[in-house]
Amino acid sequence: MHMADALLAPAVAATMYVASGTTAGISIHKLKRDDEPQKLPTMAVTAALVFAGQMINYTIPGTGSSGHMCGGMLLSALLGPQAGFLSMIVILAIQCLFFADGGLMALGANIWNMAFYGCFVGYYLIWRPIIRSNWFGTGKGAIRARIIAASIIGCVVTLQLGAFSVVLETSLSGITELPFGAFVALMQPIHLAIGLVEGLITAAVLTFVFESRPELLRDVDAAGEGLGAKRSLKATIAILAVVALVVGGGLSLLASSNPDGLEWALFGNAEEGYAENMGLDEDDFGVSSKAADTAAGIQEATSFLPDYAFADSDTPVGTTVSGVVGSAMVAGVAVLICLAGGFFRKKKNT
């Protein structure tokens, strides 16, 4: 769902930067009052895991399309919506600047579409109400069932909202080749399937955390329910870190070559015998603007592993290096954010 600059008019792109930037500012302000030391390693490793997870496109059978996780629901369930949103900004910014994944001018829109809904709508309207409810009764099994239900419902709903926002932003940008109704009819069903798969992945990760360290999950009353931890915090973090490295550095080599949901809706996959869908020309489509050209120039200068590969090389080693380096960069920046937040809290308290 990473939008290219060509899908947005500069005015729409600027508006989405303001919306995402304002939300980030509010999130930073609220996190200054946060004081959870265990959030630092958790934020680092889960952000790295989401970065790695986004590198794997999974095939949607019978469509010629593929999808990848967004990660907002996963991060907000573990870190809370504010820290989750800031983590997603780190992930998307690093993808954009250093791996040329998503347009720089479109970064504000990509943050809104892929992070805002999962972190805020997903947490406040889906995760917290379901986890605090009496669905499935009481006890450990019931909590596990609520985690799975919240993960799947949350991913499906928030991905639908993100997909619709892509259509809306593109339509407001005045790209006449994309009829609104037809674009919606292509985007929503394919992202329903993508959201179901992401929901299952999210449920699997959060269930592991629940079994290992239930107190890491938001709104799960581990003490009140008498839930014991099976693993230490260090062991849990270490396992998640190893998974991030294996996914980013190894399993990413198995990613589907089919276009993702947005690309599939725009260009189809006729080469593999599937529909053309909107049938746009991948080399000549969308809005041309000076702002987009400037952003593209900056991105070309900063991206040292474009498309998660070595420049001018098809060797799979480039993908492995991209997964490992990108995960490490995301984890490092997440740690810096936590440390900066701790500095501001300490300064305020002093």
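The values are calculated or read from the model by the stated rules, or taken from the named source; none is laboratory data. What you see is a predicted model; the values in this text were computed from it and never measured. Note that we place each Cβ from the backbone using ideal geometry, even for glycine, and neighbour counts take in every protein chain shown.
Here's a check for you: in the range 210-225, which residue that is surrounded by fewer than 18 Cβ atoms within 10 Å (Cβ to Cβ) and in a helix (DSSP H, G or I) is modelled with the highest pLDDT? Looking at the filtered set, the residue picked out is Glu211. On the given criteria, is Glu177 in contact (Cβ under 8 Å) with a residue 12 or more places away in the chain, among the acidic types (Asp, Glu) and either under 18 Å from Asn113 (Cα atoms) or not in a helix (DSSP H, G or I) (or both)? Judged against the criteria, Glu177 is a match.
Would you mind stating whether Thr202 is surrounded by 15 or more Cβ atoms within 10 Å (Cβ to Cβ), at pLDDT 95 or above and out of contact with any Pro (no Cβ under 7 Å at 6 or more places or on another chain)? The answer is yes for Thr202.
Selection of the range 274-314 for residues being within 26 Å of Leu253 (Cβ to Cβ) and at pLDDT 90 or above yields Tyr274, Gln299, Glu300, Thr302, Ser303, Phe304, Leu305, Pro306, Asp307, Tyr308, Ala309, Phe310. Just for the range 116-128: of the residues that are closer than 17 Å to Ala24 by Cα, of a type in the set (A, V, I, L, M, F, W, C) and touching a residue at least 60 places away in the same chain (Cβ under 8 Å), which one is surrounded by the fewest Cβ atoms within 10 Å (Cβ to Cβ)? So the residue we want is Phe120.
Among the conditions (1) surrounded by fewer than 17 Cβ atoms within 10 Å (Cβ to Cβ); (2) in contact (Cβ under 8 Å) with a residue 40 or more places away in the chain; (3) closer than 27 Å to Val90 by Cβ, the only one that Val317 does not satisfy is (2).
On the stretch given as the range 277-314, residues that are of a type in the set (S, T, N, Q), buried (at least 17 other Cβ atoms within 10 Å of the Cβ) and more than 21 Å from Ser257 (Cβ to Cβ) total 2.
Among the residues of this structure, Thr158 does not count as one that is among the β-branched types (Val, Ile, Thr), touching a residue at least 60 places away in the same chain (Cβ under 8 Å), buried (at least 24 other Cβ atoms within 10 Å of the Cβ) and within 30 Å of Gly297 (Cβ to Cβ). Listed by first and then second residue, the pairs linking a residue in the range 62-83 that is farther than 22 Å from Tyr123 by Cβ and in contact (Cβ under 8 Å) with a residue 12 or more places away in the chain to a residue that is outside any loop (DSSP other than H, G, I, E, B) and of a type in the set (Val, Ile, Thr), with Cβ atoms under 7 Å apart and 6 or more places separating them unless they lie on different chains, are Thr63/Ile190; Ser65/Ile190; Ser66/Thr59; Ser66/Ile60. Checked against the criterion of being over 12 Å from the mean Cα position of the chain (by Cα) and either assigned to a helix (DSSP H, G or I) or closer than 26 Å to Ala11 by Cβ (or both), the candidates Ile148, Ile111 yield just one match: Ile148.
Here is a yes/no grid of residues against (1) among the polar types (S, T, N, Q); (2) surrounded by fewer than 18 Cβ atoms within 10 Å (Cβ to Cβ); (3) assigned to a strand (DSSP E or B); (4) without any contact (Cβ under 8 Å) to a residue 60 or more places away in the chain:
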site: Leu227; (1), (2), (3), (4): no, no, no, no
site: Arg231; (1), (2), (3), (4): no, yes, no, yes
site: Ala235; (1), (2), (3), (4): no, yes, no, yes
site: Ala238; (1), (2), (3), (4): no, yes, no, yes
site: Val243; (1), (2), (3), (4): no, no, no, no
site: Ser252; (1), (2), (3), (4): yes, no, no, no
site: Trp264; (1), (2), (3), (4): no, no, no, no
site: Tyr274; (1), (2), (3), (4): no, yes, no, no
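Only a single criterion out of (1) of a type in the set (D, E, K, R); (2) touching a residue at least 40 places away in the same chain (Cβ under 8 Å); (3) out of contact with any helix residue (DSSP H, G or I) (no Cβ under 8 Å at 6 or more places or on another chain) is not satisfied by Glu215, namely (2). Considering Ala24, Ala52, the condition of being surrounded by 21 or more Cβ atoms within 10 Å (Cβ to Cβ) and of a type in the set (Gly, Ala, Ser) is satisfied by Ala52 alone.
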